[in-house]
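A short worksheet on the structure shown next.
The values are calculated or read from the model by the stated rules, or taken from the named source; none is laboratory data. Note that the structure is a prediction, hence the values are computed from the model and not measured. A quick note on method: Cβ atoms are made from the backbone with ideal geometry, for glycine too, and the neighbour counts reach across all protein chains shown.
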Amino acid sequence: MAILSVKNLIISFKTNNGTVKAVRDVSFDIEKGETLAIVGESGSGKSVSMRAVMGILAGNAIVEGGEILYSGMDLLKISEDDFHHIRGNKISMIFQDTLSSLNPIIKVGKQLTEAMILNGKANQRESKVDFEDKLKVLETAMNGAYEHGYEGASAPEKTSADIKILTGFVGSGNELEARYNAAYDHAQNTINNIRHILIQLINQPPKAVGKLIDQMLKPADKVYDEFLIRESDEEYKALLAYIKAEKAVYVSGGDKEVIKGKLNELSSRLSAACEREKPNFFTLGYSIYAHPETAQDYSDIAALNARTRQVLDDEFMLDFLKGVRAGVKYSFDVSIENKKKAVAELEAARKYLSENVYDPARDEKAYNKLVETLSDSVESGIDRLDIDKDSYAYTFRTTFGAAMDTYVRAQKLEKRKAAGRHIPKKQRQFADNINMELYQHNIELTIDKVVENYNNQIEKAATADFSNYGIEIIDYIKDKASKMVYKVTKTMAKDRAINLMEEVGIPEPRKRYKQYPFQFSGGMRQRVVIAIALSANPDILICDEPTTALDVTIQAQILELINELKRERQLTVIFITHDLGVVANVADRIAVMYAGKIVEYGTSEDVFYSPAHPYTWALLSSMPDLDTKDKLEAIPGTPPDMLFPPKGDAFAVRNKYALKIDFEEMPPFFDISPTHKAATWLLHPDAPKVEPPKIILDRIERMQRNGGVNNG
Amino acid sequence: MAEEREVLLRVEHLKQYFKLGIGATVKAVDDISFDIKRGEVFGMVGESGCGKTTTGRDIIKLYDITGGDVYFKGYRISSGIKDKKKQLKKLKKEGKTAEAEALAKDIKQAKIDVKKAKKAKVMTGMQMIFQDPSACLNPRMTIREIIAEGLIIAGEKDKEVIDRRVKEVLDMVGLLPEHAERYQHEFSGGQRQRVGIARAMVLNPDLIIADEPISALDVSIQAQVINLLNELRNKMGLTIMFIAHDLSVVKYFSDRIAVMYYGRMVELAETEELFAHPFHPYTRALLSAIPLPDPNYEKQRKRIIYESALEHDYSEQQPTFREIRPGHFVLCNDAEERKFRAEDNG
């Protein structure tokens, strides 16, 4: 399923001169882990459509129609509050203009860590709420199961006692884990520092290296943990002391080989410690919580894990799981019952709405009530114990409410207009652009989606298998609990920020960390912005001309970085650019935009090896590559004025291949292959055969002859 | 062929340091030397912050240079007196009187030379095109005023001559005479850059310093500007110093290319030669990073990564600029020179 799909998006801007039609009917889907490149000149609407995805359109923008679906939500309709959870966190954006996306009076380091710390805090808070909520819901469900005599259900007293035990031992396991994580981070940091120092040893003067070693020793002194480097480890301490002493010798003119060897030793020691098996903090937590008097043996981690798991299963978990399973089954059964009811109600409402025309005098209260009751019954159908959230159902109240509001408002204004009464200035823009069919369609669509989803789930209910549900829920709770204690401290954020800065290619990140944005050159500033966007680990990354101001090496670095992230984290990337050369490296699919419309859409092989639209030809032939010798084919003229978009093909006036019909009628999409389509009349069966310009044919031929191995 | 041409611009040991707050200095340009011959296009590439723009601005005297000399049309137009005085002090301290005397003489001569160059008004023969056309044109002046300003400053008083000349250059860059009365906001990006070029052309310069003239423009317009510059160069025999970071464009446009890295010039050669036999590891890294509109090639591409600290060992000998092949200069020390020569022969 597509992670993000944009359907028939239409956006215009209200200006003093009239409405500028910036985006005219744009549709595309992006799969998870895929890169879509949107290529076009400035003013083609590529940035505007992406800003709509981010929910940051300028104030004078009007979304005239369409939808942007992300994980089941329509981003054009959800409230600003809901958007806070998505923007920057799930969907992140790298802006073209770096100066306006960095705060000039705050140091770069602070701007990088700010989001990490805030996000960390928010995550902690959210996990805590989730953890407590889930437990409460679980307890209610288990009690319900007992009341209705489900098999394996436990009595309420036992349930509440069990949950108390669960909370207790999860807490004590978490404490250990938090300590371990902090020490682990320090160890990783030290390893990174040592790598840095070893490089600096070659060229830097001893004094500077000495300073670096001093800095390195600080985190190296904090790595102590039961499971990593024990506090009683005299050998490690001796090594640190030795390095300290040797550093002094080196700074005053000693041999660098000695200190190099010792640093390597320290690094390999820490790496070995980090790679060692981790104890299972969940099971270990239970052993410590339930048997505080027994001393635990930490010498063999594998044995420890096996032993604690055994203890947990025998004493608590197997018994508890039975109860949980009963609770889950009860909750599921109830929700299916409610779902059936909700579907019936929704279908009735749909029928009622499509048959009735809204009358303000009669229907005002009835409509409000309808929204309330429908939303209530949809929400009652949600299985609160289900881990995969059905976002259509969860957001039904807001989306349906908003759709109804728009419809009602439009109807009222229509009545007003029909009666010839005055329309307030604020409403006039809306009143002029009423599209009743669209509003009605939106209402029906929101209902249909929930009905469809619920029906699917009801169908599946017969074959539902509960054997693993209980374990899944316990795992979920465990996960939330460990996130609850995962605190992003200032030093951790700083280390991560410095690593990120290094990753995006900022030299001397430790020094740069303390500088202001104006002390960075344009390329460096761009990298800071990229680092900030990446710091939140988004699902979708929108890159708005991120490399346009950068030179080739850095550009290649950034593109490689984006590609790598894409692979590692299944990141979905939308890449906006005007440079087709850049896109060949990153894009899986390419959409070429001109004057607010997509004119060609296909995989990157399609677009580069068999371009079909004259505008794509023009873009390709106006840029020299390493073997170009001929005169470039510049595109004459300028992009059209979008105040008065041309009637036919917008590119016709600049197009030397334009047919007569291009000036009269907009071309539809012609499918060239299942993955490739273009909007040009040249593809019509009746059109004359036209060859792309020679410069492109030559290039394509050269590329195919070389089979991808032509390096200048 | 290249040897026969007259040297139009000579830069010797140019240094440009900027002071940063307390004590720290940034060596934006550190001891670079090159010639530009009449009629050639001299490309300059390098990553952002490597000093290519600063070099351009030094040559046209937008900055006072810290050290070295710049000669234009045989005149010494600027000289880094400060740095020379510092050197003089050092020489005197070390007791090298003969060298000190020669340097003192040079300083005296430099002062006279720079004054002479000023009197001869050679600087009007050098003009600059800037990166962002909308930022470098005054929004409150008409195009006519913008273009004529240079002429007026150069001492032209006859209105008719000015009008005729403005019309000529507008025609030269492909704009219409009636455009002269408009303001810059009435133009598209490509037309604005044409105005920038017209302003540079109005004094019939010998050398144009084009500082990233196309990177702020739309793709479809970039080609228009490149074609225009190409035309002007073929028709009028212009000499252009072309500063850019887009290597495909630089290759398409330039006769010789200089690669800069961290304020040093690391390689200088004729275009074909540079692309065929890059020596310096940074140049190789740069060439391997050029994106091409070819997905299959891009998927297989192996980029060479350059890390200066690992690549060179300059602890024993500092590198200097040496000629490895005829007309092909590389920044290297003895050991590296041997290595490059072996590579060249083998």
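Taking segment A:561-611 as the range and being outside any strand (DSSP E or B), surrounded by 23 or more Cβ atoms within 10 Å (Cβ to Cβ) and more than 14 Å from chain B (Cβ to nearest Cβ) as the test, only A:GLY596 passes. Applying the condition of being within 26 Å of B:PRO281 (Cα to Cα) and of a type outside the set (S, T, N, Q) to segment B:1-16 and asking which residue is nearest to the chain's Cα centre (by Cα) yields B:VAL11. Exactly one residue out of A:MET666, A:MET623 is within 14 Å of chain B (Cβ to nearest Cβ) and either at pLDDT 85 or above or buried (at least 20 other Cβ atoms within 10 Å of the Cβ) (or both): that is A:MET623. The criterion of being in a helix (DSSP H, G or I), more than 35 Å from the chain's Cα centre (by Cα) and of a type in the set (Phe, Trp, Tyr) holds for A:TYR367. Would you please name the residue that is nearest to the other protein chains (Cβ to nearest Cβ), looking only at residues in segment A:29-42 that are surrounded by 20 or more Cβ atoms within 10 Å (Cβ to Cβ) and in a loop (DSSP other than H, G, I, E, B)? The residue in question is A:GLU41.
Going through segment A:165-181 one residue at a time, which ones are surrounded by 20 or more Cβ atoms within 10 Å (Cβ to Cβ) and among the hydrophobic types (A, V, I, L, M, F, W, C)? Listed by number, the residues that qualify are A:LEU166, A:PHE169, A:VAL170.
Taking every residue in segment A:144-160 that is assigned to a loop (DSSP other than H, G, I, E, B) and pairing it with any residue that is among the hydroxyl-bearing types (Ser, Thr, Tyr) and at pLDDT below 85, at least 6 positions away or on another chain, yields no pair with a Cβ-Cβ distance below 9 Å.
Close contacts from segment A:416-444, counting a first residue that is closer than 17 Å to A:GLY18 by Cα and a second that is modelled with pLDDT of 80 or more and not in a helix (DSSP H, G or I), with Cβ to Cβ under 8 Å and a gap of 6+ residues or different chains, come to A:GLN429/A:LYS14; A:GLN429/A:ILE62; A:ALA431/A:ILE423; A:ASN433/A:ILE62; A:ASN433/A:GLU64. Please determine, by comparing only the residues of segment B:176-201 that are more than 14 Å from every other protein chain (Cβ to nearest Cβ) and charged (D, E, K, R), which one is surrounded by the fewest Cβ atoms within 10 Å (Cβ to Cβ). Of everything passing the filter in segment B:176-201, B:GLU178 is surrounded by the fewest Cβ atoms within 10 Å (Cβ to Cβ). The residues on offer are B:VAL202, B:VAL161, B:VAL169, and the sole one that is over 21 Å from the mean Cα position of the chain (by Cα) and closer than 20 Å to B:ILE240 by Cβ is B:VAL169. Residues that are surrounded by fewer than 22 Cβ atoms within 10 Å (Cβ to Cβ), polar (S, T, N, Q) and away from every other protein chain (no Cβ under 14 Å) are absent from segment B:9-21 altogether. Within the set A:ALA290, A:ALA302, A:ALA326, A:ALA273, the sole residue that is loosely packed, with under 15 Cβ neighbours inside 10 Å and not aromatic (Phe, Trp, Tyr) turns out to be A:ALA302. The number of residues in segment A:514-527 that are within 13 Å of chain B (Cβ to nearest Cβ) and part of a helix (DSSP H, G or I) comes to 8.
Per-residue answers, yes or no, for (1) in a helix (DSSP H, G or I); (2) buried (at least 16 other Cβ atoms within 10 Å of the Cβ):
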site	(1), (2)
B:VAL114	yes, yes
B:LYS119	yes, no
B:ILE146	yes, yes
B:ILE152	yes, no
B:GLY155	no, no
B:ILE162	yes, yes
B:LEU170	yes, yes
B:GLY174	no, no
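When A:TYR615 is tested against (1) within 10 Å of chain B (Cβ to nearest Cβ); (2) among the aromatic types (Phe, Trp, Tyr); (3) in contact with a helix residue (DSSP H, G or I) (Cβ under 6 Å, 6 or more places away or on another chain), only condition (3) is not met.
For (1) touching a residue at least 12 places away in the same chain (Cβ under 8 Å); (2) farther than 14 Å from B:ASP132 by Cβ; (3) of a type outside the set (S, T, N, Q), each residue gets a yes or a no:
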{"residue": "B:GLU168", "(1), (2), (3)": "no, yes, yes"}
{"residue": "B:VAL202", "(1), (2), (3)": "yes, yes, yes"}
{"residue": "B:ILE214", "(1), (2), (3)": "yes, no, yes"}
{"residue": "B:ILE221", "(1), (2), (3)": "yes, no, yes"}
{"residue": "B:GLN224", "(1), (2), (3)": "yes, yes, no"}
{"residue": "B:GLY237", "(1), (2), (3)": "yes, yes, yes"}
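Consider segment B:53-75 and keep the residues that are charged (D, E, K, R) and surrounded by fewer than 21 Cβ atoms within 10 Å (Cβ to Cβ). The one that is nearest to B:ALA104 (Cα to Cα) is B:ASP64. Take segment B:297-319 and flag every residue that is more than 8 Å from chain A (Cβ to nearest Cβ) and crowded, with 18+ Cβ neighbours inside 10 Å. Passing the criteria: B:HIS312, B:PRO319. Taking A:ASP630, is it out of contact with any Ser or Thr (no Cβ under 8 Å at 6 or more places or on another chain), within 13 Å of another protein chain (Cβ to nearest Cβ) and closer than 21 Å to B:ILE221 by Cβ? Here the answer is yes, as A:ASP630 does meet what is asked. When restricted to residues that are in contact with a Ser or Thr (Cβ under 8 Å, 6 or more places away or on another chain) and polar (S, T, N, Q), segment A:90-112 contains 1. Restricting A:LYS660, A:LYS677 to residues that are over 18 Å from A:VAL23 (Cβ atoms), of a type in the set (Lys, Arg) and free of Cβ contacts under 8 Å to residues at least 12 places away in the same chain narrows the list to A:LYS660.
Residue count for segment A:68-103, restricted to those that are under 20 Å from A:PRO546 (Cβ atoms) and not in a strand (DSSP E or B): 12.
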